[in-house]
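Trainee: Take a look at the following structure, please.
The values are calculated or read from the model by the stated rules, or taken from the named source; none is laboratory data. Please read all numbers here as calculations on a predicted model, not as lab measurements. Cβ coordinates were reconstructed from backbone atoms using ideal geometry, including for glycine residues, and neighbour counts include every protein chain displayed. Heads up: the accessible areas ignore ligands, DNA and RNA and are worked out on the full protein's heavy atoms, side chains in. Shrake-Rupley method; radii C 1.70, N 1.55, O 1.52, S 1.80 Å.
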Amino acid sequence: MTSNYTVTVLGLGAMGLPMATRLASQLTVHGFDIAEPRLKLAEEAGIATFGSAREAAKGADAVLLAVRNGDQLNDVLFGENGVASVLEAGAVVILGSTVGTDAIPATVEKLAEYGVELVDAPLSGGPKRAGEGDLLIVVGASPEAREKAAPALELLASTLTVVGDKPGDGQALKTVNQLLCGVHIAAAAEAMALADALGLDQAKTLAALEAGAAGSFMLSNRGPRILEAYNEEGAEVLSRLDIFVKDMGIVGKATRAAGLAAPVAAAAEQLYLLGQAQGLAAADDSAVIKVVAPTKRTK
């Protein structure tokens, strides 16, 4: 155990808690979340929890942020109870969330006032892979900042790709990644809805598709949950539908700024927006099939 390296995880949700648990296998981990039940789960996993983000961040070599968007990023770091002012010079902030490139320049500038660097490291893979250290992490940061963040990043990632030497590069690549992920989930949902409409057994159809050229990670990962979407309680929520409302919004903004037409991504975004409008925001993103086909035909 590398006990002399401390990483603080702020946000112990579906991704934050398994990441913190994984990091605690070799590093000293501090954790904080505004939700008391998440703190209790973290304590049960052997993670030291604190009464505030600022307390948790004091003395940390690295702070790993699992935030929702740029506004949350700014608030966690620089708000009334922001942690930036309690970090020691030489520490790094690891941004594991997808927030888009717009928020990055101001964040880098403000952190520099405290002698702290930002490691732009959006990650992908889901809660199970987070707990196993099997994430894809794309990194934009200076070589010095990457070295400081390495003990944490190397424990979490099975694939660690350095995109560039400046924060924002990671967000840019993750935007491309989310375009594909969002489209693939929507396409998988449409395919399973069509199978049902044609009277096919969806489980057998899914197995057949996975074995052929139409297979994809998202089809295999979300497919079983898509089939559970019509159950009374729906599928277990491992990735909320409104996360893709946010992420496809980031994709749309990026494509427009680049003057690039992205009609397939735009169509997928509309499905997630419709799902949100229909009360599915907090459901698993696999519930997007219920936008395409509100009811299951075969029994």
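Trainee: Looking only at region 30-58, how many residues end up being more than 22 Å from Ser124 (Cβ to Cβ), surrounded by 14 or more Cβ atoms within 10 Å (Cβ to Cβ) and either touching a Cys at 6+ places or on another chain (Cβ under 6 Å) or not hydroxyl-bearing (Ser, Thr, Tyr) (or both)?
Mentor: 15
Trainee: I would also like to ask the following. If I filter region 200-212 for residues that are touching a residue at least 24 places away in the same chain (Cβ under 8 Å) and assigned to a helix (DSSP H, G or I), do I get at least one hit?
Mentor: Looking through region 200-212, at least one residue is touching a residue at least 24 places away in the same chain (Cβ under 8 Å) and assigned to a helix (DSSP H, G or I).
Trainee: Select from region 71-128 the residues that are touching a helix residue (DSSP H, G or I) at 6+ places or on another chain (Cβ under 8 Å) and on the phi > 0 side of the Ramachandran plot and list them in ascending order.
Mentor: Gly90, Gly100, Gly126
Trainee: Any chance region 60-67 includes a residue that's out of contact with any helix residue (DSSP H, G or I) (no Cβ under 8 Å at 6 or more places or on another chain) and either over 26 Å from Ser239 (Cα atoms) or not assigned by the TED database to the domain that holds Glu88 (or both)?
Mentor: Scanning region 60-67, I find at least one residue that is out of contact with any helix residue (DSSP H, G or I) (no Cβ under 8 Å at 6 or more places or on another chain) and either over 26 Å from Ser239 (Cα atoms) or not assigned by the TED database to the domain that holds Glu88 (or both), so the answer is yes.
Trainee: Filtering region 212-244 down to residues that are open to solvent by less than 20 Å² (accessible area, probe 1.4 Å) and among the hydrophobic types (A, V, I, L, M, F, W, C), which residue is farthest from the chain's Cα centre (by Cα)?
Mentor: Within region 212-244, the match that is farthest from the chain's Cα centre (by Cα) is Ala229.
Trainee: Name the residues in region 182-202 that are more than 13 Å from Lys296 (Cα to Cα) and touching a helix residue (DSSP H, G or I) at 6+ places or on another chain (Cβ under 6 Å), would you?
Mentor: Within region 182-202, Gly182, Val183, His184, Ile185, Ala186, Ala188 meet the criteria.
Trainee: Another question, then. Filter region 11-28 for residues that are under 17 Å from Ala66 (Cα atoms), outside any loop (DSSP other than H, G, I, E, B) and open to solvent by 10 Å² or more (accessible area, probe 1.4 Å) and give the result. Don't jump to the end; show me each part of the working.
Mentor: Let us first name the residues in region 11-28 that are under 17 Å from Ala66 (Cα atoms), namely 11-24.
From what's left, outside any loop (DSSP other than H, G, I, E, B): 16-23.
Within region 11-28, Leu17, Pro18, Thr21, Arg22 meet the criteria.
Trainee: Which condition number in (1) within 17 Å of the chain's Cα centre (by Cα); (2) within 22 Å of Ile104 (Cβ to Cβ) is the one that Ala14 fails?
Mentor: Here Ala14 clears every test but (2).
This table checks each residue for (1) outside any helix (DSSP H, G or I); (2) open to solvent by 40 Å² or more (accessible area, probe 1.4 Å); (3) modelled with pLDDT of 95 or more; (4) in contact with an Asp or Glu (Cβ under 6 Å, 6 or more places away or on another chain).
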residue: Ala254; (1), (2), (3), (4): no, yes, yes, no
residue: Ala265; (1), (2), (3), (4): no, no, yes, no
residue: Ala268; (1), (2), (3), (4): no, no, yes, no
residue: Leu271; (1), (2), (3), (4): no, no, yes, no
residue: Ala281; (1), (2), (3), (4): yes, no, yes, yes
residue: Pro294; (1), (2), (3), (4): yes, yes, yes, no
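Trainee: Determine which member of the set Leu209, Leu198, Leu194, Leu153 is in contact with a strand residue (DSSP E or B) (Cβ under 8 Å, 6 or more places away or on another chain) and either open to solvent by 50 Å² or more (accessible area, probe 1.4 Å) or in the same structural domain as Ala57 (by the TED database) (or both).
Mentor: After ruling out the rest, the residue left standing is Leu153.
Trainee: Another question, then. Would you mind stating whether Arg54 is outside any strand (DSSP E or B), modelled with pLDDT of 95 or more and over 28 Å from Leu173 (Cα atoms)?
Mentor: yes
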